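Since the structure comes first, as structure tokens, the remarks are kept for the end.
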Amino acid sequence: MGGLLVLKLGGSLVTEKRGGGVVREDAVRRIGAALAGVEGRPLILVHGGGGRVHEVAAEYQVALGAASPRGLEGFVKTSIETRRLNLQVTQILADAGLRCVGLPSNAIFLTRRGRIVSAALDPILAALDQGFIPVLNGDVVFDRELGFTVLSGDTIAVDLSIRLDAERLVFAVDVDGVFDQLGEGARLIRELTRRTLASIRFGDVGDVTGGMASKVEEALRAAEAGVEVRVVNGLFPSRVVDALLGRETIGTRILG
């Protein structure tokens, strides 16, 4: 789809990391208001699960699928949490003036051992045709081998970017981009390739979908497929808009 833009809002940007994963309403609202600057361009928005969703999914080991002793119960509870979060995020964006519609990811994607093997894209394409912004999210989905599992919003955003031949994919996170290490002395990487990936020390992550390391791996997959990919700080909405429109801004460019 010519000119398509895909925006992935990180879970740590959309919700608080602690305290039950409360939605960061102001951050989401400010991004929604800023996205008026890309009006007229087809846009898909994907958001992460955030604190509460990750807590539930990890507690019940939902990523293991049917092999998890409490997996079925966890699937139900995680699905409820993801639906609740998607509704909240969509509502905030709509209140900010966006014509958006929330779509359940587990009704669209099917995986095999966590990798997407099919995607029912008709609802997404129909929404875009009518000028809506589809809003999807990281979710629990059905899996052909595991029974069910967790599918990250990063994987969804990359898969859609590739399948729909997006012009640009932007990851909005709560830091300025990808850094070469954690803590003091960390340096922002302006351009990242697979060759430089081995030199980055991401550190440990408490995230059922893999954190920044997984995000970069997925981003490289999109870049290698010809999609322009950026990672920027979503707490500065103007950077998100600049990245979506291909302008220079602070952040990391992922190169294939």
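The values are calculated or read from the model by the stated rules, or taken from the named source; none is laboratory data. Remember, it's a predicted structure, so these values are computed and weren't measured experimentally. Cβ sites come from the backbone with ideal geometry, for glycine too, and all protein chains shown count toward neighbours.
Values computed for the structure shown
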item: Residue that is surrounded by the most Cβ atoms within 10 Å (Cβ to Cβ), among those in the range 95-114 that are out of contact with any Pro (no Cβ under 9 Å at 6 or more places or on another chain) and more than 20 Å from G11 (Cβ to Cβ); result: L110
item: Residue, surrounded by the most Cβ atoms within 10 Å (Cβ to Cβ), within the range 38-64, restricted to residues that are among the charged types (D, E, K, R) and not in a helix (DSSP H, G or I); result: R41
item: Which numbered condition V208 misses (of (1) modelled with pLDDT under 90; (2) surrounded by fewer than 19 Cβ atoms within 10 Å (Cβ to Cβ); (3) not small (G, A, S)); result: (2)
item: Close pairs (7 angstrom Cβ cut-off, 6 or more residues apart or separate chains): under 16 Å from V14 (Cα atoms) in the range 44-66, of a type in the set (S, T, N, Q) and part of a strand (DSSP E or B) anywhere; result: V46/N137; H47/N137; G49/N137; G50/T15; G51/T15; R52/T15
item: Failed item, numbered, when L98 is tested on (1) assigned to a helix (DSSP H, G or I); (2) under 19 Å from the mean Cα position of the chain (by Cα); result: (1)
item: Residue selected from the range 1-37 under the condition hydrophobic (A, V, I, L, M, F, W, C) and surrounded by fewer than 18 Cβ atoms within 10 Å (Cβ to Cβ), by the criterion nearest to L245 (Cα to Cα); result: A36
item: V76 in a helix (DSSP H, G or I) and free of Cβ contacts under 8 Å to residues at least 24 places away in the same chain; result: yes
item: Set I254, I156, I162: member being closer than 23 Å to G48 by Cα, out of contact with any strand residue (DSSP E or B) (no Cβ under 7 Å at 6 or more places or on another chain) and touching a residue at least 12 places away in the same chain (Cβ under 8 Å); result: I162
item: Number of the exception - A67 against (1) more than 16 Å from the chain's Cα centre (by Cα); (2) surrounded by 15 or more Cβ atoms within 10 Å (Cβ to Cβ); result: (2)
item: Pair list, Cβ under 7 Å, 6 or more apart: the range 27-42 residue in contact (Cβ under 8 Å) with a residue 12 or more places away in the chain, other residue surrounded by fewer than 20 Cβ atoms within 10 Å (Cβ to Cβ) and hydrophobic (A, V, I, L, M, F, W, C); result: A27/L235; R29/A96; G32/A96; A33/A96; V38/L245; P42/M1; P42/L4; P42/L128
item: Test: F202 is within 16 Å of I254 (Cβ to Cβ) and modelled with pLDDT of 90 or more; result: no
item: Scope the range 101-121; condition part of a helix (DSSP H, G or I), small (G, A, S) and touching a Ser or Thr at 6+ places or on another chain (Cβ under 9 Å); matching residues; result: S105
item: Output for the range 124-152, where each listed residue is within 21 Å of A33 (Cβ to Cβ) and either aromatic (F, W, Y) or crowded, with 21+ Cβ neighbours inside 10 Å (or both); result: F132, I133, P134, V135, L136, N137
item: Selected residue (only one of A186, A225 is modelled with pLDDT of 90 or more and surrounded by fewer than 19 Cβ atoms within 10 Å (Cβ to Cβ)); result: A225
item: Residue among L110, L136 that alone is at pLDDT 95 or above, among the aliphatic types (A, V, I, L, M) and more than 21 Å from E73 (Cα to Cα); result: L136
item: Of all residues making up the range 156-179, the number that are at pLDDT 95 or above, out of contact with any Phe, Trp or Tyr (no Cβ under 9 Å at 6 or more places or on another chain) and not hydrophobic (A, V, I, L, M, F, W, C); result: 5
